[in-house]
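Notes to accompany the following structure.
The numbers here are math on the coordinates, done by the rules we state, and not lab data. Bear in mind the structure is a predicted one, so any value in this text is a computation, not a measurement. Cβ coordinates were reconstructed from backbone atoms using ideal geometry, including for glycine residues, and neighbour counts include every protein chain displayed.
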Amino acid sequence: MNLQEFIENFAAQFDETDATEFTADTKFKQLDEWSSLTALSIIAMVDDEYDVIIKGNDIISSDTIQDLYNVVVQLQG
Amino acid sequence: MEYNPFSLAGKTILVTGASSGIGQATALACAQMGANVVITGRDIDRLQATGNQLGASTKQIVADLTNQDDVNRLIAELPSLDGAVLCAGNSTTLPLQFGTREKFDVMFDINFFAPVELLRLMYKKKILNKGASVVLIASIGGTHSFMPGNGVYGASKAALNSVMKYAAREYASRKVRVNSICPGMVDTPLIHRGTITEEQLVEDAKRYPLGRYGKPQDIANGAIYLLSDASSWLTGHDLIIDGGFSI
């Protein structure tokens, strides 16, 4: 897995926010479109694409996409 | 003698999923109402923990209800029953766009096929006595889209509710009653797996008019009513116990 691909998969869970707005430093919970359903989609996407189960708290403790990427990398061991 | 239409004295009742949550509370409540309780669950240690609270005479049968050999062995070991509460189940929180056939299969195996097969065999093999009462634990997830991400889970419970009604009609010839309980969110280990954070759960509970999530005991009390002679003329009903959520 690499960061760029992770950002693309992350961006795919959004409908209104333009994909070009997503970078490693994007503070995703501050996006207008962010909702609890988006959080569920991110959790499901990570399970699907990376075989890792992250929790709601992992999302809460992550500010940027890079933060969450680091969590997934760590869980993949 | 004290008047108590909810007594289960003299009745033998099976409770599945008795190791935790709604199943455990139901097993304990049935025993307190005077029933001889037979409990089943997957994990021998956790089942024994429930059994220890119920007393030495409680029959414990370890079985994974998604495994047909286990189901057959359970059926062979069961005594004649006056009631059964089928609580074993699981949940998942998953947006529908991630709901693959595989995810549906996992949920339907435990929430739908397992209780339906057990119900079928208990009736066919005449383990259920005449006048017995069967309670299936469904969910308002099967009647309402009560929370985003519960479509896969909800579909399995909706299917279960459908079978409940047909079974109620067909099994009435033997005076066997079949009803379900559709709980709202109940505070059991199932909801604390972290997909939904504790903070989100606290917020969500505020959406319930009675101001809180259910306790396992709230559902167990509904099961007592459906098992008892107090509900002798009730069959094919889905009893919503949800703190007013679905009003």
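Worth pointing out:
- Exceedance of the 27 Å cut-off in Cα-Cα distance is limited, within the set A:LYS27/B:LYS103; B:LYS59/B:LYS103; B:LYS59/B:LYS125; B:LYS11/B:LYS175, to A:LYS27/B:LYS103; B:LYS59/B:LYS103.
- Rounded to the nearest 20 debye, the dipole magnitude of chain B is 780 debye, with +1 charges on Lys and Arg beta carbons, -1 on Asp and Glu beta carbons, and the Cα centre as origin.
- Compactness of the protein assembly as shown - radius of gyration and Dmax, Cα, Å: 22.1, 77
- The Rg/Rh ratio for the stretch B:113-247 is 1.01, where Rg is the radius of gyration of the alpha carbons and Rh is the Kirkwood radius.
- Fewest-first sequence of B:ASP82, A:ASP67 by Cβ atoms within 10 Å of each Cβ: A:ASP67, B:ASP82
- Of B:ASN179, B:ASN161, B:ASN221, the one that fluctuates the most in a GNM where chain B has Cα springs shorter than 10 Å: B:ASN221
- Modelled this way, with points 7 Å down the Cα-to-C-beta line, the labels at A:LEU37 and B:GLN48 are 4.8 nm from one another.
- Radius of gyration, Dmax [chain A; alpha carbons; angstrom]: 11.1, 33
- A Förster radius of 30 Å combined with the Cβ-Cβ distance from B:ALA230 to B:THR66 puts the calculated FRET efficiency at roughly 0.35.
- Relative contact order for the stretch B:12-241: 21 percent, from Cα pairs under 8 Å spaced at least 6 residues apart, divided by residue count.
- For B:MET147, A:MET45, the sequence from fewest to most other C-beta atoms within 10 Å is A:MET45, B:MET147.
- Alpha-carbon Rg/Rh ratio, for chain B, with Rh computed the Kirkwood way: 0.95
- The charge dipole of the stretch A:26-77, taken about its Cα centre with unit charges on the Cβ atoms of Lys, Arg (+1), Asp and Glu (-1) only, comes to about 180 debye.
- Going by neighbour counts of Cβ atoms within 10 Å, the residues A:SER41, B:SER145 line up, fewest first, as B:SER145, A:SER41.
- Our summary of shape: the Cα atoms of the stretch B:116-195 have principal axis extents of 43, 22, 17 Å, ordered from largest down, in whole angstrom.
- Residue among B:ALA230, B:ALA114, B:ALA159 with the largest mean-square fluctuation in a Gaussian network model of chain B, springs linking Cα atoms under 10 Å: B:ALA230
- Mean ellipticity per residue at 222 nm, deg cm²/dmol - from DSSP H runs of n ≥ 4 across the protein assembly as shown, formula -39500 (n - 2.57): -12500 deg cm²/dmol
- GNM flexibility winner over chain A from A:GLU21, A:GLU33, A:GLU49 (Cα, springs under 10 Å): A:GLU21
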